[in-house]
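Here is the structure we will look at.
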Amino acid sequence: MDKSTLHKLIDKAEANKTQPPMFFDEESYDEMLVQAALSAKNHKVIYDKSLVNRVYDNETSGKRKMILRALLKEPNHKPLAAPEPEVIHKLDDLAKRFGNFSDVINICKNACLLGSLVTPNLFSMPPLLLSGPPGVGKTRFISELASVLGTDFYSLDYSTVSSGFVVAGGASSWSDSKPGFISNSIRSSRFANPIIMLDELDKASVDTRHDPMGPMYSLLEKHTAKRFIDEYLEIPFDVSSIIWIASANYPERIPEPIRSRMLEITIPLPTKEQSIAIVRSIYTELLLEPWGEHFAVELDLKVINKLVTVSPRIARIQLENAMANAVQRSKAKVKPIVILPKDVSSSLTKPKARGIGFLAEI
């Protein structure tokens with residue numbers, strides 16, 4: 001939204017204003033009008049610029065002053081991403097490629113249908129916890145889901161997070177402190193409701209002094225997430241519209257108060273038919289690479305059957321290797337280049353356990 005449009009909305013709100021309520025000062029009342037005007041256009045105010053300005057005026061640290069100056073220059077409001085009318089069809093297509101995620105897709109469908117009843121459209125889901133064995137494609141699915149829903153996607157790998165400072169920023173009094181992952185993500189996002197993935201939440205280190213999950217107790221509750229404070233910036237952010245999706249291989253290792261704040265969905269290993277669809281989907285994605293146009297559009301079923309027993313990440317690596325082997329074998333003289341079963345190396349495609357689906361112990 002440009003400044004002129006915003007001012008028109010505020011002027012319209014001002015025309016209906018008589019006198020600020022006694023329990024608001026003039027500045028707070030003006031801010032309330034801005035929020036009301038933006039809300040009418042499906043925008044959300046993320047932080048209060050007047051507060052940033054006051055903090056900036058009193059700040060003495062050059063490093064922190066620079067970041068606060070950037071906050072003053074940035075728009076403090078963002079639109080809420082609203083799924084397009086054809087989103088149900090896109091979710092159906094996603095279900096064909098990720099059949100083992102049908103429960104998650106159904107939750108998204110319900111949220112889209114209910115949100116379509118209001119104007120402007122709203123999309124809201126409870127925090128989700130996707131549990132299941134490694135290699136079933138959780139990260140890849142969530143990234144694809146964000147694309148279908150038309151919002152941005154950020155991922156925080158909890159296996160590498162050693163402190164809550166990474167999530168919520170460090171105290172500004174410390175020389176090496178900086179803003180945290182959450183405030184940085186919402187600032188860089190185009191929307192007020194991006195998907196943030198808490199990857200491998202069960203692998204967070206256990207340290208009561210620097211609990212990396214500490215900030216999540218308030219972030220996963222909408223009423224407290226409305227005033228999330230980054231410890232470095234010391235400015236309240238409204239991050240209550242963030243769509244939280246966590247993944248875990250062993251959900252029982254997650255502290256119960258955190259686990260209870262999320263709707264847990266078990267992602268099963270895909271069936272053989274679902275695995276075939278996933279391998280085909282990965283191949284279709286590879287065809288979108290600049291060099292992909294030189295390959296046959298369809299992948300031979302014998303090639304697919306050599307890849308259905310491994311995880312999506314290994315299948316993608318093996319398909320890229322197979323495509324390179326096919327180029328070397330054919331010397332790229334015959335177009336389109338067709339991948340043959342012998343182009344697929346058997347070293348990484350042998351399952352480490354029996355059964356169907358992605359049973360490689362990765």
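The values are calculated or read from the model by the stated rules, or taken from the named source; none is laboratory data. This is a predicted model, so every value here is computed, not measured. FYI the Cβ positions are ideal-geometry reconstructions off the backbone, even for glycines, and counts take in every protein chain you see. Surface accessibility is based on the protein's heavy atoms, side chains included, excluding ligands, DNA and RNA. Shrake-Rupley method; radii C 1.70, N 1.55, O 1.52, S 1.80 Å.
Taken together, the residues in region 68-93 that are open to solvent by 30 Å² or more (accessible area, probe 1.4 Å) and hydrophobic (A, V, I, L, M, F, W, C) amount to 5. Inspection of region 227-240 identifies no residue that is open to solvent by less than 50 Å² (accessible area, probe 1.4 Å), part of a loop (DSSP other than H, G, I, E, B) and over 24 Å from residue 193 (Cα atoms).
Checking each residue in region 136-167 for being in a loop (DSSP other than H, G, I, E, B), open to solvent by less than 50 Å² (accessible area, probe 1.4 Å) and not small (Gly, Ala, Ser) picks out 136, 151, 152, 158, 161. Residues in region 298-335 that are part of a loop (DSSP other than H, G, I, E, B), small (Gly, Ala, Ser) and more than 29 Å from the chain's Cα centre (by Cα): 332 only. Filtered by the rule that a residue be crowded, with 19+ Cβ neighbours inside 10 Å and either within 14 Å of the chain's Cα centre (by Cα) or among the small types (Gly, Ala, Ser) (or both), region 202-219 gives a lone residue, 204. What about residue 271, is it open to solvent by 60 Å² or more (accessible area, probe 1.4 Å) and either in contact (Cβ under 8 Å) with a residue 40 or more places away in the chain or not acidic (Asp, Glu) (or both)? Against the criterion (open to solvent by 60 Å² or more (accessible area, probe 1.4 Å) and either in contact (Cβ under 8 Å) with a residue 40 or more places away in the chain or not acidic (Asp, Glu) (or both)), residue 271 does not qualify. In region 105-121, the qualifying residues are those that are open to solvent by 60 Å² or more (accessible area, probe 1.4 Å) and farther than 13 Å from residue 87 by Cβ, and the one that is nearest to the chain's Cα centre (by Cα) is 106.
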